[in-house]
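> What follows is a structure written as structure tokens; I'll ask about it next.
The values are calculated or read from the model by the stated rules, or taken from the named source; none is laboratory data. Because the structure is a prediction, the values reported are computed rather than measured. Here Cβ is always computed from backbone atoms with ideal geometry, including for glycine, and neighbour counts include all displayed protein chains.
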Amino acid sequence: MKRFILITVLCGIMLSLQILPLCAQGREFDEYEVKAVFLANFFKFVEWPTGNRSYRLCIYGSDPFGEHVKILDGMKIRGKTLEIRRPVSARAVNDCNILFISSSERRRIRALLDATRGLNLLTVGDTEGYAQEGVMVNFYIEASKVKFEINLDSIKRSRIGISSQLLKLGRMVDHE
Amino acid sequence: MEHKKFGKKVVLLRGLLLQALLIVLFSGVFHVLYGMEPEPQTQKDLITMPIEELMGVGVSTVLGASRYEQRISDAPASISIITSEEIKRYGYRTMADVLNSVRGFFVTYDRNYNYLGSGGFLRQGDYNTRMLLLLDGHRMNNNIYDTAAVGNDFILDLDLVDRVEVIRGPGSSLYGSNAFFGVINVITKGSSHINGLEVSAEAGSFDTNKQRASFGRKFGNGLEMVLSATRYRSKGQNLSYKEYDSPGTNFGSSDNNDLEDYSSFFTNFKLSGLNVQAAYGSRKKGIPTGAWSTVFDDDRTRSVDAQGYIDVNYHKRFENSQDLVVRLFYDYYRYDGKYLLDYPPLTMNRDLAVGKWWGTEAFYKGKIGDRHTVIAGLEYRDNFLQQQKNWDDSPYANYLDDNRASYSIGAYAQGEFIITDKVLLNAGGRYDHYKDFSGRFNPRVALIYTPADKTAVKLIYGEAYRIPNAYELYYSDGNVLQKANPGLDPETIRTYELVLEQYVKGFRLSLSGFYYDVDRLISQQTGADGLLVFNNTGRADGRGVQFEIERKWSGGISGRFSYAFQEVKSSADDVDFGNFPKHLAKLNFFTPIISNRLAAGIEVQYASAQKNLNSTYDGGYTLVNATFLSEKILRNLDLSFSIYNVLDKKYSNPASREHVQSDIEQDGRTFRLKATYRF
């Protein structure tokens, strides 16, 4: 009984000491929490030929992010405000900076890429095979980590510039 | 005598508590001296991270459910993942500790081995044969007893585990025999996870100590290397068994017979697709219970299990997301049992089992029409030695000298078909042929429906089987206690499962129900001649429901609660199977205490009563385990202090037939102090 009281008291004191509720360790995230943050990060490494007052991140097709992009909406990146858009047709993507193409667009991917050619937007996906189809940056998962592959040909054909720091982090794919 | 021990215990406890208090104080001081960046906990923390670090953040996926990495919600099974973080946070010492925290799993200990059950199913005399244990995809169940070793006899130090994937339900459609109730895939830490030299020392109750040294590095030329060695010694407890309470057997006291020693070694080299892994472990355990009619209270009775393997695999990635993996492996297993018997005279009876096998495997993954993922594979295993011996040392008498060899061939395929954006069909099967047994095809079909974002409903049907192992077929000790049954047939299972997984506002919910039906079940029985023998004992069916809720709060607090109900009956007479509680409830809660300097992981586990072989019940119990953890207390030093069975609850689990006892008392309150330093 004595021991039990001792432990309880000790635990009590320890808990009352909780001052700064910072985390102690890492954890596993939902993949879309992480991918959303990657998308926000990409704005720091990409230069668009035409400047706007704000940055626009567009999610095309069925939205896999849900509430995980809420935190990005209105965020300041390099002095600009980030806006989230969900265009419903390929004609409405003109003012996007980054176009995330959902895996629901698998069957229409070629037509969609043809329609966006020359618009100077960074196309991003997370579907196997997208990079080979011409999507510029494509997420994949390896050993429980989010990684991305890069289609350099597609980027070169556009007028956007990508920093070498970002290129170094990605895996290059050959365009078919 | 008892009193003196008690007093000593209090002194020890006070000392340890004082130590814990000092840790707290020091952690506060060092917090001021060395304020360090906290690791990410919420999405907000991720936003402030440099992109290079973002690439190291873990996401929830599973590898073992389909043999390729996929989202847990897309996997054709109900899955639990235990990460290295949780292993640290809750002070887990063995795989048995890890699995006891998993929803619907139940692990017992008879002071010789740990016994693992799931879905209400745990048979006495069974060495975890109905669960397939994989280490980085390498099959660990040996070729004599089919053992999935989850105690200190597990080949890998738990500190080297990156994650444990628990994949419930039949897995024979991918892995063949043994994947009866589930597959446990253990994934080791990579070189970058260890990154340099790391040493660790532990001290615990009953003169237990452990040391580990590990080295991991990724070199400029792409070579990744992991090397690790571990040594463990435990004097063990003095135990008492009322069944032996007579003058001839030391009034039931078994002193200095609970010793346990092990050492293990692990190495892994990776270079552009080539992966070479080798491991070896050997563990010695005293048997303090008088099992197998051995002389009670004598430390000469012991078991030694040794296991080792070399696995070489090559992974080649082709265009159009095609993958090819080829694997070649060699495995070794040896059991050396010493049983002191009193015929009279006192005679050392020896049991020796040696298993050697090699095998090869080819695995292909590709796409059909950009949408559907298909895999196919071939596996060949050659059990070129399955040897079992039993003899008396002196006077020499030979009871068993059984040498066998066998082989198996398996071919499997599985497809993940996207029917609509909301419906996924996962279907596959595997055909196996084992020497001396007719071939069998085991299918698995899962329909996965995603009606809304963050909701998945899985309807799964699967079949699995298990080939009787060499021990069940051929072991006999000269018909003194146990006899062979070479006529055994494989046992089979059909499982139906409905799983709902849901993510709402930071909560992860899982609700599932299952029904299964086992046929030609292999059970150990006592025959009319009084000898233990394995027989195909007919049908059994099991059903259950499981519920789990998990939450991660900002501020580093996380928690998980699960409840599982399960019952298994023999179909012939509707009698309940024992050995497994009908109700299991588990709570894990982790919270930082002082900023990111000190944290606590609390675990509460409830198990209801279990029926033992006397058809009486071992009472239900609630256990509390607590771990206090201070990471990076001094730049590179981690300290943790764990108290297991904090309330010192006296409880027992049912024993199997080789014991006079109907149940074996489990550990009371024990402690562990652990320090890990990185150079």
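> Strands (runs of 3 or more DSSP E) wholly in region B:387-460 with at least 1 residues that are within 27 Å of the chain's Cα centre (by Cα), among the acidic types (Asp, Glu) and on the phi < 0 side of the Ramachandran plot - which ones?
Result: B:423-434.
> Also, I was wondering about something else. Checking the conditions here, which among A:125, A:118 is surrounded by fewer than 18 Cβ atoms within 10 Å (Cβ to Cβ) and not hydrophobic (A, V, I, L, M, F, W, C)?
When all the criteria are applied, what remains is A:118.
> So, in region A:127-176, of the ones that are in contact (Cβ under 8 Å) with a residue 60 or more places away in the chain and under 22 Å from residue B:323 (Cβ atoms), which residue ends up farthest from the other protein chains (Cβ to nearest Cβ)?
Result: A:137.
> Return the total of residues in region B:518-550 being acidic (Asp, Glu) and farther than 19 Å from residue B:564 by Cβ.
2
> Would you mind finding the one in A:142, A:133 that is more than 26 Å from residue B:57 (Cβ to Cβ) and either touching a helix residue (DSSP H, G or I) at 6+ places or on another chain (Cβ under 8 Å) or surrounded by fewer than 19 Cβ atoms within 10 Å (Cβ to Cβ) (or both)?
Being more than 26 Å from residue B:57 (Cβ to Cβ) and either touching a helix residue (DSSP H, G or I) at 6+ places or on another chain (Cβ under 8 Å) or surrounded by fewer than 19 Cβ atoms within 10 Å (Cβ to Cβ) (or both) holds for just one of A:142, A:133, which is A:133.
> Would you pick out the residues in region A:26-65 that are away from chain B (no Cβ under 11 Å), among the hydroxyl-bearing types (Ser, Thr, Tyr) and within 15 Å of the chain's Cα centre (by Cα)?
A:55, A:60
> Next up: Tell me which residues, restricted to region B:558-594, are out of contact with any Ser or Thr (no Cβ under 7 Å at 6 or more places or on another chain) and polar (S, T, N, Q).
B:558, B:562, B:566, B:570, B:571, B:579, B:591
> Next question, about the same structure. Does region B:166-192 hold any residues that are modelled with pLDDT of 95 or more and either among the charged types (D, E, K, R) or touching a Cys at 6+ places or on another chain (Cβ under 6 Å) (or both), and which are they?
Answer for region B:166-192, where residues must be modelled with pLDDT of 95 or more and either among the charged types (D, E, K, R) or touching a Cys at 6+ places or on another chain (Cβ under 6 Å) (or both): just B:168.
> Could you tell me which of the residues B:228, B:200, B:177 is among the polar types (S, T, N, Q), part of a strand (DSSP E or B) and buried (at least 20 other Cβ atoms within 10 Å of the Cβ)?
B:228
> Condition (residue is in contact with a Phe, Trp or Tyr (Cβ under 7 Å, 6 or more places away or on another chain), without any contact (Cβ under 8 Å) to a residue 60 or more places away in the chain and over 28 Å from residue B:295 (Cα atoms)) applied to region B:337-354: is it met by at least one residue?
No, region B:337-354 has no match at all.
> If you check B:608, B:630, B:640, which single one turns out to be more than 30 Å from residue B:482 (Cα to Cα) and touching a His at 6+ places or on another chain (Cβ under 9 Å)?
B:608
> Looking at B:419, B:448, which one is farther than 25 Å from residue B:327 by Cβ and surrounded by 15 or more Cβ atoms within 10 Å (Cβ to Cβ)?
Matching residue, one of B:419, B:448: B:448.
> Cβ-Cβ under 7 Å, sequence separation 6+ or interchain: first residue in region B:82-107 and within 14 Å of chain A (Cβ to nearest Cβ), partner among the aliphatic types (A, V, I, L, M) and surrounded by fewer than 22 Cβ atoms within 10 Å (Cβ to Cβ). Which pairs?
The qualifying pairs are B:84/B:161; B:87/B:158; B:87/B:161.
> Output the number of the condition that residue B:236 fails; it satisfies all remaining conditions of (1) part of a strand (DSSP E or B); (2) in contact with a Leu (Cβ under 6 Å, 6 or more places away or on another chain); (3) surrounded by 15 or more Cβ atoms within 10 Å (Cβ to Cβ).
(1)
> While we're here: Considering only region A:117-126, I want to know if a residue exists there that is touching a helix residue (DSSP H, G or I) at 6+ places or on another chain (Cβ under 9 Å), assigned to a strand (DSSP E or B), in contact (Cβ under 8 Å) with a residue 24 or more places away in the chain and of a type in the set (Ser, Thr, Tyr).
Yes; the residues of region A:117-126 include at least one that is touching a helix residue (DSSP H, G or I) at 6+ places or on another chain (Cβ under 9 Å), assigned to a strand (DSSP E or B), in contact (Cβ under 8 Å) with a residue 24 or more places away in the chain and of a type in the set (Ser, Thr, Tyr).
> Mind checking which strands (runs of 3 or more DSSP E) fall wholly inside region B:114-170 and carry at least 1 residues that are crowded, with 23+ Cβ neighbours inside 10 Å and of a type in the set (Val, Ile, Thr)?
Once the strands (runs of 3 or more DSSP E) in region B:114-170 are filtered for at least 1 residues that are crowded, with 23+ Cβ neighbours inside 10 Å and of a type in the set (Val, Ile, Thr), what remains is B:161-168.
> While we're here: Filter region B:316-359 down to residues that are of a type in the set (Val, Ile, Thr) and out of contact with any Lys or Arg (no Cβ under 6 Å at 6 or more places or on another chain) and give me whichever is surrounded by the most Cβ atoms within 10 Å (Cβ to Cβ).
If we take residues in region B:316-359 being of a type in the set (Val, Ile, Thr) and out of contact with any Lys or Arg (no Cβ under 6 Å at 6 or more places or on another chain), then B:325 is surrounded by the most Cβ atoms within 10 Å (Cβ to Cβ).
> When you look at residue B:470, is it crowded, with 18+ Cβ neighbours inside 10 Å, of a type in the set (A, V, I, L, M, F, W, C) and closer than 29 Å to residue B:169 by Cα, yes or no?
It is true that residue B:470 is crowded, with 18+ Cβ neighbours inside 10 Å, of a type in the set (A, V, I, L, M, F, W, C) and closer than 29 Å to residue B:169 by Cα.
> Can you spot a residue in region A:80-102 that is under 30 Å from residue B:163 (Cα atoms) and free of Cβ contacts under 8 Å to residues at least 40 places away in the same chain?
Within region A:80-102, not a single residue is under 30 Å from residue B:163 (Cα atoms) and free of Cβ contacts under 8 Å to residues at least 40 places away in the same chain.
> So, one more: What residue, among those in region A:76-108 that are basic (Lys, Arg) and part of a loop (DSSP other than H, G, I, E, B), is modelled with the highest pLDDT?
Top of the filtered list is A:86.
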